[in-house]
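Structure first, commentary second.
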Amino acid sequence: MGRRPVTVRLARWSAEHPWRAIALWVVFVAVCLVGGSAAGLNEATDADQAIGEAGRAQLIVAEGDFHQPAVENVLITPRSGALDPAAAKAAADDAAARLRQVDGVASVGSPVPSRDGGALLVPITMAGDPETASDRVQPLRDATAQVQAAHPALRVEEVGGPSIGQALDDTLGRDFQRAELLSLPVTLAILIIAFGALIAAGVPVLLALSSVAAAMGLSTLASHLVPATDTTSSVILLIGMAVGVDYSLFYVRREREERAKGRSGLNAVEIAAETSGHAVVVSGLAVMISMAGLLLADDAVFSSLAVGSILVVAVAVTGSLTVLPGLLAKLGRWVDRPRVPLLWRLTAPRTGRPGAGGPRFWPAVLRPALRAPLATLVVSVGLLLALAAPALGMKLKFPGMEDLPRSTAAMQAYDRLTAAFPSNGTSHTVAVQAPADQADRVRAALTELAGRTATDPLFAPAEGDGPKIEVSADRRVSVLEVATPYASRTDEAARSLHELRDEFAPAALRGLPDVEYAVGGGVAASEDYARHIEEKLPLVIGFVLALTFLVMAWTFRSVVVALTSILLNLLSAGAAYGLLVLVFQGDWAEGLLGFTSMGAIVSWLPLFLFVVLFGLSMDYHVFVVSRIREGIRSGLSNREAVAYGITSSAGVVSSAAMVMVGVFSIFATLSTIDMKQLGIGLAAAILLDATIIRAVVLPSLMTMLGDANWWAPRFLRPRAVAPPAEPPAPAPELVGAR
């Protein structure tokens with residue numbers, strides 16, 4: 001007998017020394033957490049995250065080292081009809097007097113009337129660090145509320161970056177708190193239904209949570225090589241819970257099946273390690289390859305997400321191969337306690353031969369694929385391609401202020417502010433870097449540029465004393481804010497950007513020597529980032545496809561299996577893209593899902609969604625095809641092996657998919673459009689993949705291909721493998737008809 005696989009050797013040692021394995025795992029998690037805490041987090045800087053011309057503008061502004069204090073405003077508007085100037089002035093004077101007495105207010109400016117006379121604005125400059133202004137804005141809001149109470153005939157409200165930030169932090173904080181509170185019970189509930197026993201349901205959650213904790217610490221250490229962003233920990237939690245539960249679920253389910261056949265605890269663990277353990281290693285490698293593709297995006301955010309995801313998957317795989325066998329060996333038959341009576345009868349492992357006496361649902365689903373594979377394949381693939389077709393019209397944009405939830409008073413006040421004072425809404429930043437002795441010429445050029453835009457309907461004229469031009473203390477950096485009256489993601493806002501970049505800015509600045517300039521701002525960042533994603537997406541997809549093909553070909557010793565794996569996952573991703581476009585680029589689902597359509601998909605989502613879906617889909621694919629190959633090696637015909645592989649894996653794949661769908665669906669309940677799109681995209685794609693792809697398209701394709709599934713060039717063909725002691729039996733009602 002040859003040397004046993006490393007997964008089996010690890011499992012045997014762990015099962016024979018369970019307390020050592022458990023203790024080593026606990027120490028490993030603790031060391032990761034302590035080490036990460038001691039090292040501290042190294043966060044990505046603006047320079048790390050600069051993309052395109054908008055990024056260059058941001059860096060030029062940073063070179064100027066401007067003091068940019070936090071600014072709030074008191075907006076005074078009529079409740080109905082025209083604004084009474086005397087009443088508005090009285091309210092403005094009252095607001096100024098009260099706010100000057102508030103700690104944290106550096107100055108209160110003179111009231112500024114709107115061009116149509118329908119509103120009055122009192123600007124407020126806050127003292128202290130602008131980054132923490134949202135935490136210190138409540139006393140200002142309280143003072144404004146007192147002014148409102150004293151002038152009930154008017155609408156007096158506070159609006160500005162800090163107050164909007166505080167309102168959004170409160171809203172999003174409640175959202176994520178609800179999501180975190182729901183995700184764990186939802187996961188446990190689905191696993192209890194899947195296992196019918198509380199301890200068996202708790203083991204995957206325990207491993208997943210410990211894997212996430214260890215990966216959090218490791219990612220903090222890794223941030224000193226690849227700087228982290230504020231989204232890294234959320235993605236580690238998302239991916240870690242998904243793969244951690246999946247890998248444990250595959251392993252525990254197989255171990256229970258083998259024990260139900262009468263095998264000893266150690267033998268059951270070894271068989272689970274040789275089969276499900278091997279599948280876990282392959283699928284984990286596939287997920288890590290997919291996530292590594294993000295490193296090619298040349299983006300600090302994606303690089304950080306890639307490192308965090310790779311670490312949590314690696315830790316989850318390690319835990320399932322090391323501590324999980326020891327835990328299962330120590331628990332023994334206690335893993336099936338305490339039982340939930342009705343659920344246990346429905347989910348208990350069968351003691352008979354596979355395929356005999358099992359549930360009838362999956363055989364019924366599978367029957368068309370086995371009896372009429374070509375017709376089933378054509379119909380199912382045609383439906384998925386029809387679902388994917390809308391993706392050809394996908395548009396990419398960043399969400400703007402108009403896409404934030406309007407449930408808060410701060411955002412409602414913002415809408416009234418930008419309607420009365422358009423220059424306080426969307427704006428472009430013209431950043432210029434030049435020798436100090438050119439500062440006066442640069443200011444004159446920027447003043448001329450502002451004058452030219454003031455006569456163009458795509459731009460909003462400056463309020464107050466003229467164009468907003470700031471010059472740094474060393475006179476080397478000058479910045480002009482050019483406003484547009486249109487929302488940030490509208491076509492008019494995009495046209496104003498291109499006009500500014502292609503015509504106005506070059507005409508005003510091209511004659512100045514040694515000048516570097518760039519046009520940035522929110523609209524520019526959205527346009528540049530969408531272009532960046534469109535350029536990098538083919539590179540990332542090509543990398544992921546090529547490496548995944550090699551891994552699958554080597555694992556299954558079949559070029560055909562590797563190629564069909566790639567094609568099926570591309571079909572799944574395409575269907576998810578098409579569904580996103582159908583739901584979110586139109587407005588028919590707004591009332592159903594509680595969002596306002598932005599007419600586009602969030603810029604970063606297609607690339608991130610592709611790597612996540614491709615990686616997670618491989619979990620199911622590797623597990624199902626591994627079961628089919630078991631059947632082939634045991635002497636079953638191709639059709640019989642497909643029937644055995646699909647029916648024997650359907651329960652665990654369905655359970656794992658439902659966990660993911662349940663958790664991802666929670667994200668669709670959050671307030672922001674990007675989280676809604678992420679949640680719907682992931683949940684729908686996993687559901688499609690675990691049902692139509694794995695239960696219809698895959699079996700029909702493999703049945704139609706027959707023995708050609710396992711073709712490979714001579715150098716890749718496996719050596720002869722002895723069949724297992726007890727070959728699996730196919731479901732006779734599926735394979736009887738030819």
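The values are calculated or read from the model by the stated rules, or taken from the named source; none is laboratory data. Just so it is clear, the structure is predicted and the values come from calculations on it, not from any experiment. Cβ: placed from backbone, ideal geometry, glycine included. Neighbour counts: every protein chain shown. Calculation scope for accessible area: heavy atoms of the full protein, side chains included, ligands and nucleic acids excluded. Shrake-Rupley method; radii C 1.70, N 1.55, O 1.52, S 1.80 Å.
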Condition first: open to solvent by 40 Å² or more (accessible area, probe 1.4 Å) and of a type in the set (S, T, N, Q). Can you find one or more residues in region 13-34 that meet it?
no
Spot the failing condition for Leu592; the list is (1) surrounded by fewer than 23 Cβ atoms within 10 Å (Cβ to Cβ); (2) in contact (Cβ under 8 Å) with a residue 24 or more places away in the chain; (3) outside any loop (DSSP other than H, G, I, E, B), and only one is missed.
(2)
Filter region 178-190 for residues that are open to solvent by 40 Å² or more (accessible area, probe 1.4 Å) and modelled with pLDDT of 75 or more and give the result.
Arg178, Leu181, Leu182, Leu184, Pro185, Val186, Leu188, Ala189
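Filter region 310-344 for residues that are more than 17 Å from Leu207 (Cβ to Cβ) and assigned to a helix (DSSP H, G or I); which is most open to solvent (accessible area, probe 1.4 Å)? Lay out the reasoning, then the answer.
Filtering region 310-344 down to residues more than 17 Å from Leu207 (Cβ to Cβ) leaves 310, 332-333, 336-344.
Restricting the remaining residues to those that are assigned to a helix (DSSP H, G or I) gives 310, 332-333, 336, 341-344.
Details: Ile310: 44, Gly332: 22, Arg333: 142, Asp336: 13, Pro341: 91, Leu342: 108, Leu343: 43, Trp344: 42 Å².
So the residue we want is Arg333.
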Kindly establish whether Asp246 is open to solvent by 50 Å² or more (accessible area, probe 1.4 Å) and either out of contact with any strand residue (DSSP E or B) (no Cβ under 9 Å at 6 or more places or on another chain) or in contact (Cβ under 8 Å) with a residue 24 or more places away in the chain (or both).
no
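Does Glu270 satisfy the criteria of being buried (at least 24 other Cβ atoms within 10 Å of the Cβ), assigned to a helix (DSSP H, G or I) and at pLDDT below 85?
No; evaluated as a whole, the condition is false for this residue.
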Which residue is surrounded by the fewest Cβ atoms within 10 Å (Cβ to Cβ), if the candidates are limited to region 35-55 and must be acidic (Asp, Glu) and under 26 Å from Val307 (Cα atoms)?
Asp46
Quick one: in region 652-669, which of the residues that are in contact with a helix residue (DSSP H, G or I) (Cβ under 6 Å, 6 or more places away or on another chain), of a type outside the set (Val, Ile, Thr) and surrounded by fewer than 22 Cβ atoms within 10 Å (Cβ to Cβ) is farthest from Asp169 (Cα to Cα)?
Met658
If we scan region 542-560, do we find a residue that is charged (D, E, K, R) and under 21 Å from Leu404 (Cβ atoms)?
no
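Sort through Thr171, Thr144 and tell me the only one that's buried (at least 17 other Cβ atoms within 10 Å of the Cβ) and modelled with pLDDT under 90.
Unique residue meeting the criteria: Thr171.
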How many residues does region 107-152 hold that are touching a strand residue (DSSP E or B) at 6+ places or on another chain (Cβ under 9 Å), in a loop (DSSP other than H, G, I, E, B) and in contact (Cβ under 8 Å) with a residue 60 or more places away in the chain?
5
Exactly one of these conditions fails for Phe584: (1) at negative phi; (2) at pLDDT below 90; (3) of a type outside the set (S, T, N, Q). Give me its number.
(2)
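Are any residues in region 569-586 in a helix (DSSP H, G or I) and open to solvent by 10 Å² or more (accessible area, probe 1.4 Å), and if so, which ones?
Leu570, Leu571, Gly574, Tyr577, Leu579, Val581, Leu582, Val583
One line per residue, one yes/no per condition, for (1) open to solvent by less than 10 Å² (accessible area, probe 1.4 Å); (2) among the charged types (D, E, K, R):
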residue	(1), (2)
Glu255	yes, yes
Gly284	yes, no
Val287	yes, no
Leu296	no, no
For region 421-438, does any single residue satisfy the condition of being more than 38 Å from the chain's Cα centre (by Cα) and surrounded by 15 or more Cβ atoms within 10 Å (Cβ to Cβ)?
yes
Residues of region 439-477 satisfying the condition of being under 16 Å from Gly520 (Cα atoms), crowded, with 21+ Cβ neighbours inside 10 Å and among the aliphatic types (A, V, I, L, M):
Leu446, Leu449, Ala450, Val477
Among residues belonging to region 65-81 that are touching a Ser or Thr at 6+ places or on another chain (Cβ under 7 Å) and either surrounded by fewer than 22 Cβ atoms within 10 Å (Cβ to Cβ) or aromatic (Phe, Trp, Tyr) (or both), point out the one that is farthest from Gln412 (Cα to Cα).
Asp65
Checked region 476-531 for anything part of a strand (DSSP E or B), on the phi < 0 side of the Ramachandran plot and not polar (S, T, N, Q); matches are Val477, Val479, Leu480, Glu481, Val482, Ala483, Glu516, Tyr517, Ala518, Val519, Gly520
Could you tell me which of the residues Ala292, Ala279 is modelled with pLDDT of 85 or more, closer than 18 Å to Val6 by Cβ and in a helix (DSSP H, G or I)?
Ala279
Name the residue, out of Ala505, Ala487, Ala530, Ala553, that is in contact (Cβ under 8 Å) with a residue 24 or more places away in the chain and either in contact with a His (Cβ under 8 Å, 6 or more places away or on another chain) or within 30 Å of Ala439 (Cα to Cα) (or both).
Ala505
Checked pairs for region 34-48, first in contact (Cβ under 8 Å) with a residue 40 or more places away in the chain and closer than 11 Å to Ser219 by Cα, second surrounded by 12 or more Cβ atoms within 10 Å (Cβ to Cβ) and charged (D, E, K, R), C-beta under 6 Å and 6 or more apart or across chains, list as none
Could you list, in sequence order, all residues of region 82-98 that are open to solvent by less than 70 Å² (accessible area, probe 1.4 Å) and outside any helix (DSSP H, G or I)?
Leu83
Yes/no for Ala505 being in contact with a helix residue (DSSP H, G or I) (Cβ under 8 Å, 6 or more places away or on another chain) and either over 28 Å from Pro113 (Cβ atoms) or surrounded by fewer than 23 Cβ atoms within 10 Å (Cβ to Cβ) (or both)
yes
Identify the residue in region 213-231 that is assigned to a helix (DSSP H, G or I) and open to solvent by less than 10 Å² (accessible area, probe 1.4 Å) and, among all such residues, is nearest to Val661 (Cα to Cα).
Ala215
Determine which member of the set Gly265, Gly202, Gly277 is surrounded by fewer than 24 Cβ atoms within 10 Å (Cβ to Cβ), farther than 30 Å from Ala47 by Cα and touching a residue at least 24 places away in the same chain (Cβ under 8 Å).
Gly265
Given (1) over 24 Å from Met658 (Cα atoms); (2) part of a helix (DSSP H, G or I), where does Gly244 come up short, assuming only one miss?
(1)
